[in-house]
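The values are calculated or read from the model by the stated rules, or taken from the named source; none is laboratory data. None of these values were measured; they are calculated from a predicted model. We place every Cβ from the backbone using ideal geometry, glycine too, and count neighbours over all the protein chains shown. Side chains included, ligands, DNA and RNA excluded: accessible areas come from the protein's heavy atoms. Shrake-Rupley method; radii C 1.70, N 1.55, O 1.52, S 1.80 Å.
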Amino acid sequence: MKRIYHHLLLGVALAALLNTTPVLAGEAGPNILFVLDSSGSMMESLEGKNKLETAKGVLSALVGDLPPDINVGLEVYGHRKGECDDIEMVFPVGKLNVAALRQKIASLQAGGKTPIATSLEKAAGELRGLKGNSTIVLISDGQETCDGDPVGIAELIKNEFGIDVVIHVVGFAVDDAVRQQLSKIARAGGGNYYAANNAQQLKESLVEIKEKAVEPAREFFVEEFDGPSFSESWIIINDDPNGRVLDEGKFVISTPSGDIHKETVKNILLYQKEVPTGKKYAVTTEFSTSLLATYAYNGYSDSLMNGQVSGLVFYADKDNYIIFVVGRAGNQAQAILWKRQGGKRDVTISSNFKELKNPDTYLLKMERRKYKYTGYYYDPEAEKGKGGWKKIGTVTMMGKNLQPGLIAYRGRDAAEVVTEFDSFKITELQE
């Protein structure tokens, strides 16, 4: 069985009280959290009824069309009093219970302020640590009125909160000034802005968002190394059969010493077929290894002087590649992203992310969007509800056909260790 991180997101007693089922990090979403504006402006009339009643009716109908295995939550603001802390998670994220969720929607009243920034931050806290793709859907008819920075918060959630999340925003009968802020929130959160000027447009917008949120990302290639040999999808650079083996669902490498820029690293495993998604996809791997010595390299080349590194590679040739690996920095595990282009090291980004233990299991992900390659490591603090996918940085590479794959090697002064790759996946990016 493949190793995964698990944690309990919601307490059982709280879940029972609210007619939800607790969500486990190991359960593969999708997760969708609606954030509904119930501020005073939602009392304005539109098509013969106030905007909140219209939004409640559309949302109530929508939840009846959601698939039963989805994890759903509802957060509202401005529904109880006129203060900026008037934010409530009225339906914590859990398995869908249509009747209970509709009851919560029907009970909402309008009358308060519009604390969008704090509401988004609270929503992110609810989703933090969940596995699978998550979507925040903000439905609002106004802009921030509590001195927050919702655009900055949306960007922080997308890049730093450790959540695989997209923030979509629906502007419900808004003027141009409000539209500008709401559309910026969506853009910062990696999602789309939807203009809804009436009930029908609100329904159409939410249906489109639902379809994006509940359709699982397609996995175009999954390798769990269960067979006796490699499939034709793979090519091995500098093959050394004495230093690798397929064993009980793992690709095992006895990490060789070598310099990748001199083409002396052994057993670089590359996916050699064309990715059906073109230039927008994610590559994920899970593996275990030991990191015995602190990572160090020669500043004038890519010669690894010490330490052991393992992880992902995007490779064209010895002068053009991107590597995203884990190494050691003192008593910390460190994620390291570097690029070599035109024969020169161009960018190196690193981040310590957890206390070291040997051996240990790591999860890495690289997202490719045309010429931009962004690295994420999985923070095991997710087990405590604090972690998840964390972005380390982005590098740009143009003009080269980089093939994704796996790499593990060591510096010439480092001890040999074993890296066991459990899986390699190529997944469509939907947003």
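The listed residues are VAL151, VAL165, VAL174, VAL137, and the only one of them that is surrounded by fewer than 24 Cβ atoms within 10 Å (Cβ to Cβ) and either under 21 Å from the mean Cα position of the chain (by Cα) or under 20 Å from GLY82 (Cα atoms) (or both) turns out to be VAL151. Would you please name the residue that is surrounded by the fewest Cβ atoms within 10 Å (Cβ to Cβ), looking only at residues in the stretch 274-313 that are modelled with pLDDT under 90 and among the charged types (D, E, K, R)? Checked the stretch 274-313; the qualifying residue surrounded by the fewest Cβ atoms within 10 Å (Cβ to Cβ) is GLU274.
Criterion first (at pLDDT below 85 and either surrounded by fewer than 16 Cβ atoms within 10 Å (Cβ to Cβ) or basic (Lys, Arg) (or both)) does LYS372 satisfy it? Against the criterion (at pLDDT below 85 and either surrounded by fewer than 16 Cβ atoms within 10 Å (Cβ to Cβ) or basic (Lys, Arg) (or both)), LYS372 does not qualify.
Here PRO92, PRO115, PRO68 are screened, and the one residue that is out of contact with any helix residue (DSSP H, G or I) (no Cβ under 8 Å at 6 or more places or on another chain), in contact (Cβ under 8 Å) with a residue 12 or more places away in the chain and open to solvent by less than 40 Å² (accessible area, probe 1.4 Å) is PRO115.
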